[in-house]
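Undergrad: Quick one: structure below, then a few questions.
The values are calculated or read from the model by the stated rules, or taken from the named source; none is laboratory data. None of the values given here were measured: they were computed from a predicted structure. In this analysis, Cβ positions are derived from the backbone assuming ideal geometry, glycine residues included, and neighbour counts consider all displayed protein chains. The area values use the complete protein model at the heavy-atom level, side chains included, leaving out ligands, DNA and RNA. Shrake-Rupley method; radii C 1.70, N 1.55, O 1.52, S 1.80 Å.
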Amino acid sequence: MNLLKRIFKKESLNAYLDNDKDLQRTLTVNDLLGLGIGAVIGTGIFILPGTVAATTTGPAVVISFFLAAIVCALVAMAYGEVSSTLPIAGSAYSYGNVIFGEVVGWVLGWALILEYFLAVAAVSTGWSAYFTSLLAPIVKFPAAFTGPFDPSHGTYGNLIAVLVIILIAFSLRKGMKTSKKYENLLVLMKIAIILIFIVVGFFFVKSSNYQPFIPARVHGAFGFQGILTGAAMVFFAFLGFDALSGSAAEVKNPKRNLPLGILGTLLIAAVLYALVSFVLTGMVNYKQLNVADPVSFALHHVGQNFVAVIISIGALIGMYTMMYTMIYASSRLIYAIGRDGLLPGKMGKINKDGVPGRALLISTIVIAVFAGLIPLDKLVDLVSVGTLLAFTVVSIGIIPLRKRKDLNHQGFKMPGYPVTPIIAALFSVGLMSQLHVETLIFALIWFAIGLVIYFGYGIKHSNLNQK
C-alpha cells in the first residue's frame, strides 16, 4: 500500500464500537445538559454582554447573541448528526478517522488537544485570580505562588490553579456514574445565581437606558454593522458544546440523547445570555459598561453589593464546571488517540471503574504544568484555531457521511442538507481568517510538530497499520 492510501485509510465504526465497549453508558439527556451548560456558560456571561454593548452594539447586544446562537446551531446540528451516526469516543478525532482517514483524524485530534489543554489551563489561572481576590479580606495568599514561573518577577508557579485541576481530576477518577451528580449540582447552582441576577436586576431596569436600542454608527461600532460585529465577538461565548460529542461512548441511547443534549445546551445558553444582556443594559447605560466586571459594576451601581458577592461566587462555579467538562473531554480524546495506537504508554487502556485512567492522569499532568508554570496570555487565541478547524471538518463531513451505505442513518439528520453543512463550514473558515496572524503562525508550528510525531511514531504503531 502506498503512503497516500495508507494515511487516508479509514477506520471502521464497528472496530471503534468494539474498542469502546468497556466504557459505561450512564449519561442521560440531563447529564449531557449539565456537561454542556457547564462548559458553555462560564465567566463570559458576566463579562461579554457588558463590554460588547459598550464598545460595539449598545443594548442591541441581545440581537447579537441570538445571531451567534443561530450560527452555532448550524454547527451543533452537524455535530448532532455525526455523533448520533457515530456514537464513539474521541469527538472530531474519531469522526475524521471514520469519514476522511487516519491523517485527517490525527490533525483534528492534535488540534483538539491544543484546544482542551489551553482552555482549561487559561481558565484555571482566571479561577485562581478570582478565588484569591474573593478571599483577600480574609486570607492573604503569597504572591510568589499565584502566577506563572518567572523568578525575575518573584513568582514561582500558580499553586491554586494546579490544585483546582487536581481536585477536578480526582472527582473524575471514578467515572461519570459517580461524578455526574456533583457536576449537575454545581451547574444548577450556577444557573440559580444567574437567575438571581436577572430577577434582582429586573427591578432596577429603566426604559430610558434602552434609548437608542441601536445607537448611531460611529467608527467601527454600533448601527446594524455593530450588531453583526458583535455577533462575531460573542460567537466564542457558545464554544464548548462540541466537547459533548466526546462522551458519545458513555451515553445511553446516543442517537436520541446526543442531539438533544447538544442543541438543548445551545438553546438554554442563548436564552440565559440574552436575558442577562437585556437586564444588564437596562440597569446601567451601555456607555458605562466597558469595565472588567460589568455585572458586578451594575449591581454596585444600584446598591446591591451583597448580590454582587453572590455573582462572584457564580463566576467561580462557572469556571469550575467549564474546567470539569473540558478535562473530562480531554481525557476521552487522549484515550481515543491511544486506543488507535497513535500515542505511546497504553493511553487507550480502561481501568476497572470503566475510566481511561492513564489518559486522565496524563491530561491532568500536562494541563497542570501549563496552568502552573507557563504564561498563557499570548497563547489563549490558539483555542479558537483548534475549535474552528474541528467545526469546519465536522460540518463538511456531513456530505460524505450521508453517502456511506455501511452506516446506520436512523438518528438525527441535519435539516437543509447539503446547503446548511456548507454554510456552517464557510462561517467557521471565515471566523478563523479573522484571527491574529501571530495566532495562525503559532497554529502552523503546532500542526507541523503534530505531523512530525504522526509520521515519526504514529503511522508505524497505529492499529490500522497493523491491519
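Undergrad: Once you place label points 7 Å from the Cα toward the Cβ at Leu163 and Leu4, how far apart are they in nm?
TA: 5.7 nm
Undergrad: To the nearest 20 Debye, how big is the dipole of the chain about its Cα centre, given +1 on the beta carbon of each Lys and Arg and -1 on that of each Asp and Glu? Intermediate results must be reported in sequence, preceding the final value.
TA: Numbers: 33 positive and 19 negative charges, 242 e Å.
Computed charge dipole of the chain: roughly 1160 debye.
Undergrad: Right, another one. Considering only the other residues whose Cβ falls under 14 Å of the Cβ of Ala78, what net charge follows from Lys and Arg at +1 and Asp and Glu at -1?
TA: Numbers: positive: Arg402, Lys413; negative: Glu81, Asp242.
Its environment carries a net charge of 0.
Undergrad: Mind sorting out which of (1) 147; (2) 343; (3) 202 is the real volume of the Cα convex hull per residue in Å³ computed from the coordinates?
TA: (1)
Undergrad: Are there any helices in the chain, counted as whole DSSP H runs, that stretch 30 Å or more along their axis by Cα and score at least 1.0 on average by Kyte-Doolittle, and if so which?
TA: Values: long enough: 61-85 (36 Å, 1.93); 102-135 (49 Å, 1.34); 176-202 (38 Å, 1.32); 254-283 (43 Å, 1.41); 305-339 (51 Å, 1.21); 382-403 (33 Å, 1.65).
Sorted by number, the helices that extend far enough and score high enough are 61-85, 102-135, 176-202, 254-283, 305-339, 382-403.
Undergrad: Given a 1.4 Å probe and the protein chains all in place, what does the accessible area of Asp293 round to, in Å² to the nearest 10?
TA: 70 Å²
Undergrad: Counting other Cβ atoms within 10 Å, which trypsin sites (Lys or Arg not before Pro) in region 293-379 have at most 15 and lie in a DSSP loop? If you can, show how the numbers build up before the last one.
TA: On the way: sites: Arg332, Arg339, Lys346, Lys349, Lys352, Arg358, Lys378; in loops: Lys346, Lys349, Lys352, Lys378.
Passing sites in region 293-379 are Lys346, Lys349, Lys352, Lys378.
Undergrad: For Lys252, what charge total do you get from the other residues with a beta carbon under 10 Å from its beta carbon, if Lys and Arg give +1 and Asp and Glu give -1? Please report the intermediate quantities before stating the final value.
TA: On the way: positive: Arg25, Arg256; negative: Asp31, Glu250.
Net charge in that neighbourhood comes out at 0.
Undergrad: Semi-axes, largest first, in whole Å: what does sqrt of 5 times each Cα gyration tensor eigenvalue give for region 33-75?
TA: Details: eigenvalues 87, 43, 7 Å².
Equivalent ellipsoid of region 33-75: 21, 15, 6 Å, largest first.
Undergrad: In the structure shown, do any of Lys9/Lys403; Lys190/Lys255; Lys255/Lys403; Lys255/Lys405 have a Cα-Cα gap over 23 Å, and if so which? Provide the component values of the computation, followed by the final result.
TA: Working: Lys9/Lys403 17 Å; Lys190/Lys255 28 Å; Lys255/Lys403 18 Å; Lys255/Lys405 17 Å.
Violating the 23 Å limit, Cα to Cα: Lys190/Lys255.
Undergrad: Follow-up question, since we're still on this one. Per residue of the chain, what 222 nm ellipticity follows from adding -39500 (n - 2.57) for every DSSP H run with n ≥ 4, rounded to the nearest 500? Show your work: numbers first, answer last.
TA: On the way: 18 runs with 301 residues, N = 467.
Value at 222 nm, helices only: -21500 deg cm²/dmol.
Undergrad: Just the accessible area for Glu438, please: 1.4 Å probe, Å², rounded to the nearest 10?
TA: 110 Å²
Undergrad: Once Lys and Arg get +1 and Asp and Glu get -1 on their Cβ, which of Ala269, Leu299, Ala216 lies farthest toward the positive end of the dipole of region 210-355?
TA: Selected residue: Ala269.
Undergrad: Follow-up. How much accessible area per residue does the chain have, in Å², with a 1.4 Å probe?
TA: It amounts to 41 Å² per residue over the chain.
Undergrad: Follow-up. Rounded to the nearest 20 Debye, what is the dipole magnitude of region 147-233 about its Cα centre when Lys and Arg each give +1 and Asp and Glu each give -1 at the C-beta? Write out the running numbers ahead of the final one.
TA: Details: 8 positive and 2 negative charges, 90 e Å.
Roughly 440 debye, rounded to the nearest 20.
Undergrad: Would you check the accessible area of Met347, probe 1.4 Å, heavy atoms only, in square angstrom rounded to 10?
TA: Met347 has an accessible surface of roughly 30 Å² with all protein chains in place.
Undergrad: How much length would be gained if the chain were fully extended between Asp406 and Ser433, taking 0.36 nm per residue of separation minus their Cα-Cα distance, in nm to one decimal?
TA: On the way: separation 27, 0.36 × 27 = 9.72 nm, distance 3.57 nm.
This chain segment gains 6.2 nm when fully extended.
Undergrad: Within the set of other residues whose C-beta is less than 15 Å from the C-beta of Leu266, count the net charge using Lys and Arg as +1 and Asp and Glu as -1.
TA: Working: positive: none; negative: Glu81, Asp242.
In short, -2.
Undergrad: First compute the accessible area of region 1-160 with a 1.4 Å probe, then give the percent of it belonging to carbon and sulfur atoms. Mind showing how you got there, number by number?
TA: On the way: 3730 of 5470 Å².
Looking at region 1-160 in its full context, I get 68 percent from C and S.
Undergrad: With charges set only on the Cβ (+1 for Lys and Arg, -1 for Asp and Glu), what does the dipole of region 182-276 come to about its Cα centre, in debye to the nearest 20? The partial results should precede the final answer.
TA: Working: 6 positive and 3 negative charges, 40 e Å.
Computed charge dipole of region 182-276: roughly 200 debye.
Undergrad: Using a 1.4 Å probe on the protein chains only, how many percent of the accessible area of region 252-390 belongs to carbon and sulfur? Write down the numbers at each step before the final one.
TA: Working: 3250 of 4820 Å².
On region 252-390, the fraction of accessible area on carbon and sulfur atoms equals 68 percent.
Undergrad: Another question, then. Could you list, in their original order, any pairs among Lys21/Lys460; Lys177/Lys346; Lys252/Lys352; Lys140/Lys349; Lys10/Lys349 whose Cα atoms are separated by more than 31 Å? The partial results should precede the final answer.
TA: Numbers: Lys21/Lys460 25 Å; Lys177/Lys346 24 Å; Lys252/Lys352 20 Å; Lys140/Lys349 43 Å; Lys10/Lys349 22 Å.
Flagged as over cut-off: Lys140/Lys349.
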